[in-house]
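The values are calculated or read from the model by the stated rules, or taken from the named source; none is laboratory data. These figures come from a predicted structure and were not determined experimentally. In this analysis, Cβ positions are derived from the backbone assuming ideal geometry, glycine residues included, and neighbour counts consider all displayed protein chains. Quick note on the areas: whole protein, heavy atoms, side chains included, nothing else; ligands and nucleic acids left out. Shrake-Rupley method; radii C 1.70, N 1.55, O 1.52, S 1.80 Å.
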Amino acid sequence: MSVAESWSRVMSLLREHAPADHADLPGPATERMLAAAEARMGISLHGDLRTWLLRSNLDLPEEDVDDDVMCCGFDGFPDEGSFFLGIRAMERLYANRSTSCGFDPPDQPDDPFWRNEWIPFLSDQDGWRGKFVDVRDGRVGSWFVGGPSVTGEYASMAQYFDSVAKTLTRIADGSSPVCRVAGGRLVWS
């Protein structure tokens, strides 16, 4: 399944089971927005990341952005405590993580905490943990400040979004122990 198909499945499930949350989500990014972000970051987006952003740029409206936090997004989706990033939030977090030598720490090139080839697409508000896509091969990994980064956690963004769809399905059928739907919104316990 492609990233577009996997993301469409996630959006269909959200629209069906949490329509109020779905209605809050903004529209897609434009090629112009992505090209400008790539120029500022100095790196090309992986094709799957580009495809996803051209379907759903999940940046908050400017008036809702909190400058006191590292990342802003739509609270409670895909889980409690983290959210998908739009291109502005990705760019901001990427600028905070990238280094002049290409990886951090500089003395651990084979096992770094961060590589400049990783672009974050999901984070908590502090930017301490989240998921990234490796622009070299499209694999999805995760990071946690103070802990080891995990590369290749998912073979692709499509595979990751399939896991999100499975979680939404469990929530919709009432078998999730940590989330339910109330008033058209995901409610985490």
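So the values come out like this:
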| read-out | value |
| --- | --- |
| Hits in the range 6-48 - residues which are of a type in the set (Asp, Glu) and touching a helix residue (DSSP H, G or I) at 6+ places or on another chain (Cβ under 7 Å) | Asp21, Asp48 |
| Conditions (1) open to solvent by 30 Å² or more (accessible area, probe 1.4 Å); (2) modelled with pLDDT under 95; (3) part of a helix (DSSP H, G or I); (4) under 20 Å from Arg92 (Cα atoms); number of the one not met by Pro26 | (3) |
| Residue tally, condition part of a loop (DSSP other than H, G, I, E, B) and either open to solvent by 50 Å² or more (accessible area, probe 1.4 Å) or acidic (Asp, Glu) (or both), over the range 157-189 | 7 |
| Residues of the range 1-16 satisfying the condition of being crowded, with 19+ Cβ neighbours inside 10 Å and among the hydroxyl-bearing types (Ser, Thr, Tyr) | Ser6 |
| Failed criterion for Glu63 (all others in (1) open to solvent by 30 Å² or more (accessible area, probe 1.4 Å); (2) at pLDDT 95 or above hold) | (2) |
| So Pro19, is it open to solvent by 50 Å² or more (accessible area, probe 1.4 Å) and modelled with pLDDT of 85 or more | yes |
| Leading residue by the ranking (surrounded by the most Cβ atoms within 10 Å (Cβ to Cβ)) among those in the range 116-132 that are touching a residue at least 60 places away in the same chain (Cβ under 8 Å) and over 18 Å from Phe77 (Cα atoms) | Ile119 |
